[in-house]
Amino acid sequence: MEVTLNHFLFVSGLLFAIGLAGVLVRRNVIVIFMCLELMLSAANLSLVAFSRFNLTESGGPDYNAQVFLFFIITVAAAEVAVGLAIIVALYRAKQTTDVTQINSMKN
Amino acid sequence: MEQAEVMLDLLFYIFSAIAVAGALGVIVNKNPVTSAFCLIAAFIGLAALFIQLDAYLVGIIQILVYGGAVMVLFLFIIMLMDMASEERRRFGLGAVAAGLLVSVVFVVQLLRVLGDYSPGSKVLGVLPADAATDVEQIGKLMFTQYYFPVQVVGVLLLIATIGVIVLSKRELK
């Protein structure tokens, strides 16, 4: 079976769904954060796939999508740094990484 | 030629399997360190898919930034927290049911949409040999058309750095 655009989009969607399930199922805040990164990367795959299959007049892929992807990766890296700093601060205050234990805003 | 195309299709399935298996490993493993290593496997599978799509620069950046820098940061934080004793409890049944339901609905919906999407049946061909390299094209775009966003991203990184330093201080005066 030849590989088509749909194959790549399906893999991308599957990875996104797995990441989403992880965010809902897991209780460790660090693993939840890893699943968020996975979802971001899965979205990147569909961007690259659309870029590769939408050929321009010169015969090459549409590189605008890849520049956009570069920005996504940069913002994701900044997000990881800030997010992990917040998690460390949270751990220092609460001594736990379990999201069900962090409920002082509830009620 | 025929053999090479079959090989490329086979590689797609192999790398997709690595990525999906790594992603499943992240959410199934109870130990956060094992999850982190599974996530590295998933990122490497994804980077291989990027390279199969002729996005060499993006694939290498994916390995360097995600597989290298981000995951080292994650492992470092896990090491700092010493959470071996915390992950003993089982997953909540309601959460597992909700996660499965949402993701299965999402995948079924995706399959239906992709079934009706006619441009989706384009076959991955071979790029013409005289097409410019992707590093050159991306560099040109970034420093002409997207020059302002590049500068904004620089400011964003600066803000993130300052924010992390402020957050990591032991206490604010």
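The values are calculated or read from the model by the stated rules, or taken from the named source; none is laboratory data. These numbers come from a predicted model, not from an experiment. Glycine also receives a Cβ, built like all others from the backbone with ideal geometry; neighbour counts cover every protein chain displayed. Accessible surface is based on the protein model in full, side chains and every heavy atom, while ligands, DNA and RNA are left aside. Shrake-Rupley method; radii C 1.70, N 1.55, O 1.52, S 1.80 Å.
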Starting from segment B:1-18, take each residue that is at pLDDT 90 or above and list its partners that are open to solvent by 80 Å² or more (accessible area, probe 1.4 Å), counting only C-beta distances under 8 angstrom and pairs at least six apart or across chains. B:Ile18/B:Ile44
Selected residue [facing chain B (nearest Cβ under 7 Å), in contact with a Lys or Arg (Cβ under 9 Å, 6 or more places away or on another chain) and of a type in the set (A, V, I, L, M, F, W, C)] from A:Phe53, A:Phe10, A:Phe71: A:Phe53
Give me the residue from segment B:93-126 that is facing chain A (nearest Cβ under 7 Å) and among the β-branched types (Val, Ile, Thr) and, out of that set, nearest to A:Ala49 (Cα to Cα). B:Val123
What do you reckon, is A:Ile102 part of a helix (DSSP H, G or I) and more than 27 Å from B:Phe50 (Cβ to Cβ)? no
Of (1) open to solvent by 30 Å² or more (accessible area, probe 1.4 Å); (2) aliphatic (A, V, I, L, M); (3) farther than 30 Å from B:Ala97 by Cβ, A:Leu24 satisfies all except one. Which? (3)
If you scan segment A:20-39, which residues turn out to be at the interface with chain B (Cβ under 7 Å from one of its Cβ atoms) and not in a helix (DSSP H, G or I)? A:Arg26, A:Asn28
Working only within segment A:74-107, note down all residues that are open to solvent by 60 Å² or more (accessible area, probe 1.4 Å) and more than 10 Å from every other protein chain (Cβ to nearest Cβ). A:Ala93, A:Lys94, A:Asn103, A:Ser104, A:Met105, A:Lys106, A:Asn107
Can you tell me how many residues in segment A:52-107 are under 27 Å from B:Ile159 (Cα atoms) and of a type outside the set (A, V, I, L, M, F, W, C)? 9
Which of the following residues is more than 7 Å from every other protein chain (Cβ to nearest Cβ), at pLDDT 95 or above, surrounded by fewer than 18 Cβ atoms within 10 Å (Cβ to Cβ) and closer than 26 Å to A:Val80 by Cα: B:Leu158, B:Leu64, B:Leu75? B:Leu158
Given the structure, is B:Ala23 touching a Leu at 6+ places or on another chain (Cβ under 9 Å), open to solvent by less than 30 Å² (accessible area, probe 1.4 Å) and not aromatic (Phe, Trp, Tyr)? yes
Matching residues in segment B:127-153 - criterion: being within 16 Å of A:Arg52 (Cβ to Cβ) and charged (D, E, K, R): B:Asp134
Got a sec? Which of A:Ala42, A:Ala17 is at the interface with chain B (Cβ under 7 Å from one of its Cβ atoms), of a type outside the set (Lys, Arg) and open to solvent by less than 30 Å² (accessible area, probe 1.4 Å)? A:Ala17
